[in-house]
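**Q** Please find one structure pasted underneath; my questions will follow.
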Amino acid sequence: MAKQIGIDLGTSTTSIFRDKKIVFRAPSVVSIDRLTREVIASGKMAKRMIGKTPGNILALRPLQNGVITDLEVTSLMLHDFFVRLDMTSVFNRPSALVSIPYGVTEVERRAVEDAVFEAGAKNVGLIDEPIAAAVGAGIQVSKARGAMLVDLGGGVSEAAVISLGGVVKSNSLRTAGDELDLAIINYLKATRNILIGEITAETLKLKIGTAVSTIDRGSLEVCGRDLRTGLAATVEVTSAEIREAIREPISEILTMVKMTLEETPPELSADIFDFGIVMLGGGALLPGLDEAIHKKTGLRVIIPKQPRPRDCVCVGLGRMLQSTGGDFSEFVKYKVR
């Protein structure tokens, strides 16, 4: 019998569910030989190579803003993940259920299917990310009851209202974790005359980033290139500076969440008022962001503890796979090649 797996194919991280648990999680990065197009490394090792490769090696992130930008490289990356998990053979290829952002175009949907097929899957099914996230968070998606999710990933921020097994209203914004990193790079470049890389910016965000002034996480010393001298230099960056750096993209996310609420039908708004907003994705772990959304909307904000916010989509895919003959059979439809 073919293995059944769930793939949360994210801009920054790819997670794979198999045998009742998440068995794999790695950065969505792959390094390949420029000439032979063979994979040199993928995941964490490939991410360490970003900005450090010689001319014959390319360290690439084949997904941007939640969608595939390089079909060949994405399939190479996924195939390498499958090989590391010993999931592909001549006689036994996996059936994959893959999450995609809600509202993507038919061309973008086809790109995901093609990439997973080329990576070695036998069957491919696509699920809208808000539905998978809601199932993972324990929300009963099939009921006539409104629920609102805010999913903050690496490439896309998405707010969706769900009822009766479908998405009633959704807005997405290509301002998410990656944009926060870029905002930090640009801020330090403009205010401190120092240029840092993507990995350093992400470290600053994770270690001392905050969305509200009431939370102070201290400071962190980082190394970069002084733009005045061209030499390496170290600077101490404070939590307040990071908060100021990401203030504008955070404001855009808050506006998107409020806009989604304003466009929601009244009866569903009442349900959301009673239950609150569920915040998911890696961005949900930014301290103070839940408080900022609460101030903007006046609603309670819930961050799941189990599974963790960044695992909800992948766990939701797994729960669907485990009950394909039951509650979620209407969602799980495979295409065969």
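The values are calculated or read from the model by the stated rules, or taken from the named source; none is laboratory data. Predicted, not measured: the structure shown is a model, and the values here were computed from it. With ideal geometry, Cβ positions are generated from the backbone for all residues, glycine too; neighbour counts draw on all protein chains shown. These accessible areas exclude ligands, DNA and RNA; they are computed on the full protein's heavy atoms, side chains included. Shrake-Rupley method; radii C 1.70, N 1.55, O 1.52, S 1.80 Å.
**Q** Within the range 19-38, how many residues are within 29 Å of Arg308 (Cβ to Cβ), more than 19 Å from the chain's Cα centre (by Cα) and either open to solvent by less than 80 Å² (accessible area, probe 1.4 Å) or among the hydroxyl-bearing types (Ser, Thr, Tyr) (or both)? Outline the logic, then answer.
**A** Just the residues of the range 19-38 that are within 29 Å of Arg308 (Cβ to Cβ), to begin with: 19-31.
Now drop any that are not more than 19 Å from the chain's Cα centre (by Cα), which leaves 19-20, 31.
Filter once more, keeping what is either open to solvent by less than 80 Å² (accessible area, probe 1.4 Å) or among the hydroxyl-bearing types (Ser, Thr, Tyr) (or both): 31.
Residues that pass the stated criteria total 1.
**Q** Would you point out which residue out of Ile184, Ile246, Ile250, Ile277 is closer than 30 Å to Tyr102 by Cβ and touching a His at 6+ places or on another chain (Cβ under 9 Å)?
**A** Numbers: Ile184 fails: touching a His at 6+ places or on another chain (Cβ under 9 Å); Ile246 fails: touching a His at 6+ places or on another chain (Cβ under 9 Å); Ile250 fails: touching a His at 6+ places or on another chain (Cβ under 9 Å).
Exactly one residue qualifies, and that residue is Ile277.
**Q** Regarding the range 185-194, can at least one residue be identified that is on the phi < 0 side of the Ramachandran plot, open to solvent by 40 Å² or more (accessible area, probe 1.4 Å) and touching a Lys or Arg at 6+ places or on another chain (Cβ under 9 Å)? Spell out how you get there, then give the answer.
**A** Of the range 185-194, the ones on the phi < 0 side of the Ramachandran plot are 185-192, 194.
Filter once more, keeping what is open to solvent by 40 Å² or more (accessible area, probe 1.4 Å): 186-187, 189-192.
Now restrict to residues that are touching a Lys or Arg at 6+ places or on another chain (Cβ under 9 Å): none.
Taking every residue of the range 185-194 in turn, none turns out to be on the phi < 0 side of the Ramachandran plot, open to solvent by 40 Å² or more (accessible area, probe 1.4 Å) and touching a Lys or Arg at 6+ places or on another chain (Cβ under 9 Å).
**Q** A further question on this structure: How many of the residues in the range 39-52 are touching a residue at least 12 places away in the same chain (Cβ under 8 Å), on the phi < 0 side of the Ramachandran plot, in a loop (DSSP other than H, G, I, E, B) and open to solvent by 50 Å² or more (accessible area, probe 1.4 Å)?
**A** Residues flagged as touching a residue at least 12 places away in the same chain (Cβ under 8 Å), on the phi < 0 side of the Ramachandran plot, in a loop (DSSP other than H, G, I, E, B) and open to solvent by 50 Å² or more (accessible area, probe 1.4 Å) within the range 39-52 amount to 0.
**Q** Hey, could you check the range 200-242 for residues that are under 21 Å from Ile293 (Cα atoms), part of a loop (DSSP other than H, G, I, E, B) and of a type in the set (Gly, Ala, Ser) and say which is most open to solvent (accessible area, probe 1.4 Å)?
**A** Ser213
**Q** Of the conditions (1) at pLDDT 95 or above; (2) under 15 Å from the mean Cα position of the chain (by Cα), Thr11 fails just one. Which one is it?
**A** It fails just one condition, (1).
**Q** Considering Gly165, Gly103, which residue is on the phi > 0 side of the Ramachandran plot, out of contact with any strand residue (DSSP E or B) (no Cβ under 9 Å at 6 or more places or on another chain) and modelled with pLDDT under 90?
**A** Values: Gly103 fails: out of contact with any strand residue (DSSP E or B) (no Cβ under 9 Å at 6 or more places or on another chain).
Every option except Gly165 fails the conditions.
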